[in-house]
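The values are calculated or read from the model by the stated rules, or taken from the named source; none is laboratory data. Only a predicted model underlies this, so the values are computations on that prediction, with no experimental measurement involved. Cβ coordinates were reconstructed from backbone atoms using ideal geometry, including for glycine residues, and neighbour counts include every protein chain displayed.
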Amino acid sequence: MTLIGAAELAEDIAQFVAFKRAMGHSYQRSELTLKSFQRAVERRAGLQAKVPFNTVLHEWLSRNPHRQPVSVGLEFGVIRQLCLYRRRRDPTSFVPEQDWAPIKESTFLPYIFTQDQVTHLITAASAHDARHLCGGMLRMLLLILYCTGLRLGEAARLQLSDIDLDQQCFFVRESKGRSRIVPFLDDLAHELNDCLRLRQRILEVSTTVDPGALLLRNSGQALSVEVASEAIRRLLRREGLKPDRGRTGPRPYEFRHAFAVHRLTLWYREGVDIHARLPWLSAYMGHVNVLGTQVYLRATPELMRLASERFAWHWRHGKKTS
């Protein structure tokens, strides 16, 4: 049984938060969760006494029976990371099992563009002519979203200083609490060179001071997430993929989903070990953990069929060798 005192826990939390921030995480919300748990230990143990870690953790997680499982699961995940950090110092330290606070499985299934639809939309974007955004900038936005799987906000906020054309990568700053490097291939690098020439022409025509952003509005100002999102929605409606009104149908975010599903599908066709590669895709897309990426494994009938075929093949060959 692991006993914990308030002073010891406070020191562990301070070291753990410092470690996380050294790794590039802001960890602000998670620090609040840790401080809440710390106060629970202080109330239970006082400033001097020690209490069983597992007991006080269970009481803290159960403090409100009406909370959603996903909320409890998120808090539990933060405390479990702290416990794993403590175990580095003390191999006997308590680490709760994952099923202490199971996260309710998401029933969300994204709309997945086909490759033909993506090609059509990128071509249609080139002809886009609106008051706020020209076709070349909208085309570049869609190419970044589909070729790299960046979130819409991440793509819209890219600065010139975030782009390394020699190394062919983006530096995505402080998104979802962390920064990351996102490599890209030659074809996107070629498109980016064209985009840089276009943005220079926009600045010359608009006589605007360069805001430093990669994607610009026709006025020369930096492209906002709101304008980018509205331009994509208008494109989807114009091309018949989304109703004229309402929130139904595909959203701007679906290009990120298409990137993930098309990559997984290609790996399946190539015979790649998907579960070995899933952490790679998760890190590339900036997910907090691999659970955020696993949802794509059931996103399309084709992926489900390929997964079933792969399982059947391993099952048959496993029986032959057993």
Any residue in region 128-137 that is over 23 Å from W280 (Cβ atoms), part of a strand (DSSP E or B) and hydrophobic (A, V, I, L, M, F, W, C)? yes
Residues (crowded, with 17+ Cβ neighbours inside 10 Å and either of a type in the set (G, A, S) or not assigned by TED's automatic domain parsing to the domain that holds S206 (or both)) located in region 136-164: G136, G149, A155, A156
The one condition in (1) part of a loop (DSSP other than H, G, I, E, B); (2) closer than 13 Å to M137 by Cβ; (3) within 24 Å of the chain's Cα centre (by Cα) that N218 fails to fulfil: (3)
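Of all residues in region 168-199, which are polar (S, T, N, Q) and exposed (fewer than 12 other Cβ atoms within 10 Å of the Cβ)?
To start, the set of residues in region 168-199 that are polar (S, T, N, Q) comprises 168, 175, 179, 193.
Of everything in region 168-199, just one residue is polar (S, T, N, Q) and exposed (fewer than 12 other Cβ atoms within 10 Å of the Cβ), namely N193.
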Exactly one condition in (1) in a loop (DSSP other than H, G, I, E, B); (2) in contact with a Ser or Thr (Cβ under 9 Å, 6 or more places away or on another chain); (3) more than 20 Å from T119 (Cα to Cα) is false for L150; which is it? (3)
Of all residues in region 50-96 being surrounded by fewer than 18 Cβ atoms within 10 Å (Cβ to Cβ), among the β-branched types (V, I, T) and part of a helix (DSSP H, G or I), which is modelled with the highest pLDDT? T55
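Looking at region 229-241, is at least one residue basic (K, R) and in a loop (DSSP other than H, G, I, E, B)? Spell out how you get there, then give the answer.
Let us first name the residues in region 229-241 that are basic (K, R), namely 233-234, 237-238.
Okay, now just the ones that are also in a loop (DSSP other than H, G, I, E, B), so none.
Scanning region 229-241 turns up no residue that is basic (K, R) and in a loop (DSSP other than H, G, I, E, B).
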Could you go through region 162-173 and let me know if any residue there is in contact (Cβ under 8 Å) with a residue 40 or more places away in the chain and in a helix (DSSP H, G or I). yes
